[in-house]
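This report concerns only the one structure given below.
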Amino acid sequence: MATTTYTSDQPTVPRVSSRWARIRRLPWPLVVGGFLLLIYVIIAITGGLWAPYPYDKIAAGKPFESPSVEHLFGTDQMGRDMFSRVVLGTPIVLFLALTSTLLAVTLGGLLGLLSGFVGGWFDGAMMRIFEVFISIPVIVFALLVITAAGLRLSGNFFVLIGVVALVYLPRTGRMTRAVTLDLVTRDYITVARARGESAWSIVRRELLPNATGVLLVEFGVRAGYAPILIGSLGFLGFGVQPPTPEWGLMISENRVALTAAPYTVLAPAIALSGLVISLNLFTDGVARVFGRQVRL
């Protein structure tokens, strides 16, 4: 019995990896911002292994020594190696910024979801509290919180995390509440109420999964602002205390030598600017993925 074979006249096109195809479809700010953030994370994890000097080593070189092969970013007024201090300050800045932002988005998102869903007097009270906090300038509000906690605790990491979280919590809460007011009109919320589910169950099982995209974008936005606030507090002397290599504090310590040794200020300033830019690019990319543009 003869066997008939069928052949296609169309040329064979090599298949592109589905993973690579998905990456190419991602917005370029997400890819670029994610790549830059990955560099910061790698430096934060491995920096302690290859930084040439401890961050607090005095007289590693001459004071205000110009950049060289031995000291890539020069030295500060105490002869400490600026390159080592910038590298070893990376995990501190990332930890403070990301932890405080995560706390703000978690608590603010929860309060916003409850406020929008419960409504009534609870919603009115939460909005008045949020508006009072938001009406105070960010730096002034942060300084008031630090003063209330006690100036002796101003350099404590957990106090700084709480301060930054408290500053951004009401802003996240208002954004989440606005999204919740739209979600509560959906049919699946009506069905959940008809089934007799509790308010907490509806918030956790129905509202939270549908508000995840907005919360992720909000996390990216606040994470981009958090290093600036932490650096500003360090610059004013109310943040991390010496000799911890926090970038804002490093800028403050060396600002007196800005004209004579600008590299001592430019090194931490460029590192801080790069982190903020990468977070903003990543935020914009996440916003495009979830179909929401954010003006940074």
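The values are calculated or read from the model by the stated rules, or taken from the named source; none is laboratory data. Note that the structure is a prediction, hence the values are computed from the model and not measured. Cβ placement follows ideal geometry from the backbone for every residue including glycine, while neighbour counts extend to all protein chains displayed.
Give me the residue from region 257-283 that is free of Cβ contacts under 8 Å to residues at least 60 places away in the same chain and not polar (S, T, N, Q) and, out of that set, farthest from F64 (Cα to Cα). Give the derivation first.
Going residue by residue through region 257-283, those that are free of Cβ contacts under 8 Å to residues at least 60 places away in the same chain are 258-259, 262, 265-266, 269-270, 273, 276.
Add one more test, that the residue is not polar (S, T, N, Q), and what stays is 258, 262, 265-266, 269-270, 276.
On the way: L258: 11, P262: 10, V265: 11, L266: 13, A269: 17, I270: 18, V276: 27 Å.
Looking at the filtered set, the residue picked out is V276.
Is it true that F133 is at pLDDT 90 or above, in a helix (DSSP H, G or I) and farther than 30 Å from I270 by Cβ? Reasoning before the result, please.
Working: at pLDDT 90 or above: yes; in a helix (DSSP H, G or I): yes; farther than 30 Å from I270 by Cβ: yes.
Yes: the conditions hold for F133.
Which numbered condition trips up V164, out of (1) surrounded by fewer than 22 Cβ atoms within 10 Å (Cβ to Cβ); (2) under 17 Å from the mean Cα position of the chain (by Cα)?
Checking V164 against (1) surrounded by fewer than 22 Cβ atoms within 10 Å (Cβ to Cβ); (2) under 17 Å from the mean Cα position of the chain (by Cα), the one that fails is (1).
Just the residues that are crowded, with 17+ Cβ neighbours inside 10 Å and either touching a Pro at 6+ places or on another chain (Cβ under 9 Å) or not in a helix (DSSP H, G or I) (or both), please, taken from region 178-218.
V184
Of everything in region 143-175, what is within 27 Å of P243 (Cβ to Cβ) and aromatic (F, W, Y)? Give them in sequence order.
F157, F158
Please tell me if G234 is in contact (Cβ under 8 Å) with a residue 12 or more places away in the chain and under 26 Å from R25 (Cβ atoms). Step through it out loud before you land on a result.
Values: in contact (Cβ under 8 Å) with a residue 12 or more places away in the chain: yes; under 26 Å from R25 (Cβ atoms): no.
Here the answer is no, as G234 does not meet what is asked.
Look through V221, V240, V276 and report the one residue that is part of a loop (DSSP other than H, G, I, E, B) and under 28 Å from A149 (Cβ atoms).
That would be V240, the only listed residue that is part of a loop (DSSP other than H, G, I, E, B) and under 28 Å from A149 (Cβ atoms).
Is it true that R152 is modelled with pLDDT under 90 and more than 30 Å from G239 (Cβ to Cβ)? Let's see the steps before the verdict.
Details: modelled with pLDDT under 90: yes; more than 30 Å from G239 (Cβ to Cβ): no.
The answer is no for R152.
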